[in-house]
Amino acid sequence: MKFRYAGLLALPLVLLLQACPVGTDYPLGTPGKEKADAGLLGTWASIEGTPEVVKAVVSKKTTNSFTVTVQEKGEMYSLTSMAFTGYTTVLEGKNFLYVQDPEDSKYYLYHYELIGKKGLALYDVSFLEKGMDGITSTETFREEVKASMAKEGGCFSEKKMYQKQ
């Protein structure tokens with residue numbers, strides 16, 4: 001009986017952690033130095049009723065960056081900004097999109113997979129080795145993500161599917 005109530009008490013914490021994107025002070029790559037993945041350009045709409053972002057436009061800002069504009073937010077969208085500067089990087093053969101919020105300068109990280117010409121899967125990235133406390137620079141951030149990817153089960157969660165319009 002106590003175990004059942006303990007699970008209920010933990011539920012709000014789990015929902016809070018899953019619903020709020022985690023901003024870091026450091027980017028996973030070197031902003032503006034790596035070529036942006038042109039496959040991300042376009043208008044993307046959720047095909048699963050994603051609670052955070054329902055529709056977004058990714059447009060070219062420079063050769064190495066994007067403007068990411070949230071056109072339609074879902075009920076779980078927790079940021080105040082609707083437009084971000086986006087960058088891409090590759091780590092251990094995996095593609096990552098990180099966006100910078102102009103209001104607080106934090107970076108938000110997603111692993112992504114382009115599926116054909118019109119599909120996009122976005123995944124949240126969990127920090128499973130040292131957690132947020134272990135991220136003190138871009139180098140330690142990359143080490144944290146690399147170590148987290150190596151963990152059993154990996155560190156990618158909350159898959160969100162989008163289709164290019």
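What follows draws every value from the coordinates through simple rules; no lab data is involved. On a predicted model such as this, the values are computed, not experimentally measured, just so you know. Cβ coordinates were reconstructed from backbone atoms using ideal geometry, including for glycine residues, and neighbour counts include every protein chain displayed.
Annotations for the structure displayed:
- Over segment 19-87, Cα pairs under 8 Å with separation of 6+ residues give a relative contact order of 31 percent.
- The long axis of helix 138-150 is offset from the longest Cα principal axis of the chain by roughly 60 degrees.
- Length released on extending from THR63 to GLN163, taking residue separation times 0.36 nm less the Cα-Cα span: 33.7 nm
- Between 0 and 90°, nearest 10: helix 2-19 axis offset from the chain longest Cα axis: 10 degrees
- Legend: distances between Cα atoms for LYS94/LYS164; LYS61/LYS159; LYS33/LYS60; LYS60/LYS146; LYS33/LYS130; LYS130/LYS160; pairs beyond 18 Å are LYS94/LYS164; LYS61/LYS159; LYS60/LYS146; LYS33/LYS130; LYS130/LYS160.
- Options (i) 26, 20, 15; (ii) 40, 17, 10; (iii) 34, 18, 16 - which one matches semi-axes √(5λ) of the Cα gyration tensor in Å as calculated here: (i)
- GLU129 versus GLU113: modelled label distance in nm, points set 7 Å from Cα along the beta carbon direction: 2.3 nm
- Charge tally in the Cβ shell below 12 Å around GLN100, where Lys, Arg are +1 and Asp, Glu are -1, GLN100 excluded: -2
- Sequence-separation-based contact order of the chain, relative, with Cα cut under 8 Å and 6+ spacing, percent: 23 percent
- When shorter helices are ignored and each DSSP H run of at least 4 residues is given -39500 (n - 2.57), the per-residue value for the chain at 222 nm works out to -6000 deg cm²/dmol.
- On the beta carbon distance between ALA45 and LYS151, with R0 = 30 Å, the FRET formula returns roughly 0.40.
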